[in-house]
Amino acid sequence: MVVVPDRDFDIAKIAASGQCFRLNQTDENTFRLVAQGNELSIESRPSGSVRLNCSREEWDGVWRSYFDMETDYAAIREAIDPNDAYLSAAGAYGAGIRILRQDPWETLISFILSQRKNIPAIKRCVETLCARFGEPLAGAPDRRAFPSAHRLAEVDVDCYNKCALGYRSGYVHAAAQMVASGELDLSRLAVLPDGALMEALLSVPGVGKKIADCTMLFGFHRLNRFPVDVWIERVLTREYPAGFPLSRYAGSEGVLQQYIFYYERTRQRSKKELP
DNA sequence: GACCAGGTGTCCG
DNA sequence: CGGACACCTGGT
C-alpha cells in the first residue's frame, strides 16, 4: 500500500474527466484501474490523500509517472488570468485532475471508438475488445489487458461488427493493420515534433483533428493540445466570443481543456439530475 | 419512432 | 474551402 498525500490528485475527478475508459468506480471512494499491464485499486480518503494497493517500488517505477506526478498542476492554475472569471472557476472546480500518461495504442483505438458515442458506450466497446482479445493480467487473471495491435490485426471486420463497434469497425481494423505492419510506428512517433505527429495520426482512417488531438494529449502527453469537441465548442461560443486566449497558456492548453470539460459536464449533469 | 450522442469522410455548391 | 449528410448502435 502506498499513500500519496498530494492534494492535487483527485481520482474521482480524473475518472469523470473522460480521458481514460478503464478507470471505474467500484465503491463510494474506491476506483479500479487497468493499465500498464496491471490492475490497481485506488481509494480517495477524506483527508484528501490517495491510497493505492501497490508497493512503493511499483509506485516509484510505474504509477508515479503514469499519474504525471512530476507536473505542477497548481502552478498551471495559478497562471490563470484572474480577470477570467469563467476559467478561474473551472480551474478551481477541476483542481485534482491530472493528465494520465496512457498507452498511445490504447488511446488511439479508444478515441477512434469514441466518435458519436457517450462515455458508457465507449467503455462498453473497450471492455468488449479487452474481454475478447486481451491477454489475462499476470497479477489478476480474471482481468484482461487492452489487446495489442498485433492481436487486433488478426481480427476481421465482421468480428468487430459483432463487438458492436458499428461503422468504426473498419477504422479499428485499418489502424491495427497500420500499427502491426510498422507503417505507423507509435514508439517512433513519440519523438516527433507536434506537426509531424499530428500528420501521422491524421493518416489513420477515422482519425480527424479532434481524435488526433485527444490521442496526442492523452496518449503522447502533449499538454499543448486543446481538443475541441461539441462541449468545448459551446463554451468557446458562449464564454469566449472574441476567442480563447490559447497563446497565454502555451504548453498547458490541454490541462485547461480538461478543467473546462469537467466543469461543463459535471454542472450539466447535476442540473439534469435535479428533480 | 424520431432524435441525439465527446466525429469523420464524402459530396456538392 | 464551407456546409450538408450518412454512418452503426444504444439510449431517451
- Item | Whole-Hz ³J(HN,Hα) from phi, Karplus 6.51 cos²θ - 1.76 cosθ + 1.60, for the stretch A:3-13, glycine and proline x | 10, 9, x, 4, 7, 9, 9, 10, 5, 5, 5
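Take the alpha carbon gyration tensor of chain A, find the square roots of its eigenvalues, order them as a ≥ b ≥ c, and report rounded if a/c is under 1.5; if not, report prolate when a/b exceeds b/c, else oblate. The partial results should precede the final answer.
Details: a/c = 1.56, a/b = 1.20, b/c = 1.30.
It comes out oblate by the Cα gyration axes.
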- Where GluC sites (Glu not before Pro) fall in DSSP loop in the stretch A:1-68, at most 11 other Cβ within 10 Å: A:Glu28
- Message: Rounded, prolate or oblate, given the Cα gyration tensor of the stretch A:104-219, with a/c below 1.5 counting as rounded?
- Response: prolate
- Message: Which aspartates and glutamates, if any, have their Cα less than 20 Å from the Cα of A:Lys210, not counting same-chain residues under 8 positions apart?
- Response: A:Asp103, A:Glu106, A:Asp194, A:Glu199, A:Asp229, A:Glu233, A:Glu253, A:Glu264
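Bear in mind that the values in this text are calculations on the coordinates, not laboratory data. Quantities reported herein were computed from a predicted structural model and do not represent experimental measurements. Positions of Cβ are backbone-derived with ideal geometry, glycine not excepted, and every protein chain shown enters the neighbour counts.
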